[in-house]
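Right, one structure below, let's go through it.
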Amino acid sequence: MTAAAVDLSDFALWRNGFPDDLFADLRRDNPLFRHDLTPGVADTVRRQFWVATKHRHAVRLHRDTESFTAADGPLIQPVAMFSSSPTIITLDPPELNKRRKLISNAFNPRAIAKLEAGIRARAATMIDGLLAKSGGDWIDDVADALPMTVIGDIIGIPDEDRPRIFDVFDRILKALAPETRPSGHVELELFAEVFTYAMELTAEKRRNPTDDIWSTLATAVITGDDGEQFRLPENELEFFFFVLAFAGSDTTKNALAIGLQALVANPEQIERYRDDETVRSSAVEEVLRWASPVAYWTRTAKVDVQMDGQRIPAGDRVVSMLRSANRDEDVFPSPFTFDIGRQPNPHVAFGGGGAHHCLGAMLARAELRAVLDELLLRCGDIAIGPAKVAYPNLTTNMSIYDEMAISLTER
């Protein structure tokens, strides 16, 4: 397939999910190309951009901070609010490292090990609830509920505030997609609702600090390059809250939704999980590869860059198609086979490594493992209905799962 024949602004390509067949053709024929400014692109992301489809591209784009910057945000069209304020996803080293250091202890192996028993207990309770009714809504009852509860505890969001705040995140995703974009300034109003709440929480944690991330950030003091010390400014705290809460919930929710669909479509893999304890850790990695909860991530060239023999001019946007990278035939044998015993499995579901590698990777793994164990080892006759879902497209890089009926019995 020629690059000139591709118009990724055609929403029909994305209507049934990520266009895997199209990207398989692109990996073979045009693995890296500059997307033309078609009328659809002009209407949606408003600029030309490069499409990077291979695993090697994802790794370089995430690790080469000398050549590529995160400053314009992860979406193809820079979101003004991301571009105007420093955040943990738009800063580059060394400033990025200072922010990550503030919260990294909450996500290190020792911290996650302390959380695992609680995560498993919550997952067990949620599966108990499904078994009591012989089913329910996989999204509301488990895929949304577990990560929302866990990241809410880590950040320090009061229980009573969580449903409202996490619902706003889904509404923001929908607002970014032209097919579901509401009228007027709803997108700005939704961000404002989150930011207002973040500052209310900041004030409360400064008055009454507790053992959670937000108390740490609300009271943190950073030393600047000039030696001056300062607290994180209000706009940075607002985005810090958004990124932590959103990334810590919706990405895992997507992995749990897409992972369950893959397992039900491959019942022999469910039996394998039950019968062979040695594949359970690798099953988590295969769910992450298969789901690729974040479909793509974007960088901007800081300087003129050579990649695959092509010159990417400084200032150009380069889109790393992570889901395509996770189906790269040069890295993953039989990439369209869902294989829970796959090893090695160097997926880029958490990015391609480097300074921006997902802080919550170990937390997500712990949540996935707990749910898979509780569901697959305790439940039988697992069946699901069609999902109510809005898929990623050129303007939003994640699916939005609202409903997925599940029925099951006790084994």
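The values are calculated or read from the model by the stated rules, or taken from the named source; none is laboratory data. All values derive from a computational prediction rather than experimental measurement. Cβ placement follows ideal geometry from the backbone for every residue including glycine, while neighbour counts extend to all protein chains displayed.
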Item to check | Wholly within segment 228-312, strands (runs of 3 or more DSSP E) carrying at least 2 residues that are in contact with a Leu (Cβ under 7 Å, 6 or more places away or on another chain) | outcome: 296-301
Checklist entry - Of the residues that make up segment 136-143, is at least one in contact with a Phe, Trp or Tyr (Cβ under 9 Å, 6 or more places away or on another chain), of a type in the set (Asp, Glu) and surrounded by 13 or more Cβ atoms within 10 Å (Cβ to Cβ)? => result no
Item to check | Every residue from segment 105-159 that is in contact with a Gly (Cβ under 8 Å, 6 or more places away or on another chain) and at positive phi | outcome: GLY136
Next on the checklist: Among the residues that make up segment 285-308, is at least one of them in contact (Cβ under 8 Å) with a residue 60 or more places away in the chain, more than 29 Å from ALA370 (Cβ to Cβ) and out of contact with any Asp or Glu (no Cβ under 9 Å at 6 or more places or on another chain)?
Outcome noted: yes
Next on the checklist: Against the definition (at negative phi, in contact with a helix residue (DSSP H, G or I) (Cβ under 9 Å, 6 or more places away or on another chain) and of a type in the set (Ser, Thr, Tyr)), how does SER324 come out, yes or no?
Outcome noted: yes
Item to check | Selection from segment 57-80 of residues that are outside any loop (DSSP other than H, G, I, E, B) and either touching a residue at least 24 places away in the same chain (Cβ under 8 Å) or acidic (Asp, Glu) (or both) | outcome: HIS57, ALA58, VAL59, ARG60, LEU61, HIS62, ARG63, PHE68, THR69
Item to check | All positions within segment 23-43 that are surrounded by 15 or more Cβ atoms within 10 Å (Cβ to Cβ), touching a helix residue (DSSP H, G or I) at 6+ places or on another chain (Cβ under 9 Å) and outside any loop (DSSP other than H, G, I, E, B) | outcome: PHE23, ALA24, LEU26, ARG27, LEU32, PHE33, ARG34, HIS35, GLY40
Checklist entry - Is it fair to say ARG34 is of a type in the set (D, E, K, R) and at pLDDT 95 or above? => result yes
Checklist entry - Hey, GLU374 hits all of (1) surrounded by fewer than 19 Cβ atoms within 10 Å (Cβ to Cβ); (2) over 19 Å from the mean Cα position of the chain (by Cα); (3) closer than 18 Å to VAL150 by Cα but one; which does it fall short on? => result (1)
Checklist entry - Quick one: would you say ALA355 is among the aliphatic types (A, V, I, L, M), part of a loop (DSSP other than H, G, I, E, B) and either under 22 Å from ARG60 (Cα atoms) or touching a Lys or Arg at 6+ places or on another chain (Cβ under 8 Å) (or both)? => result yes
Checklist entry - From ARG323, ARG365, which residue is in a helix (DSSP H, G or I) and within 28 Å of GLU95 (Cα to Cα)? => result ARG365
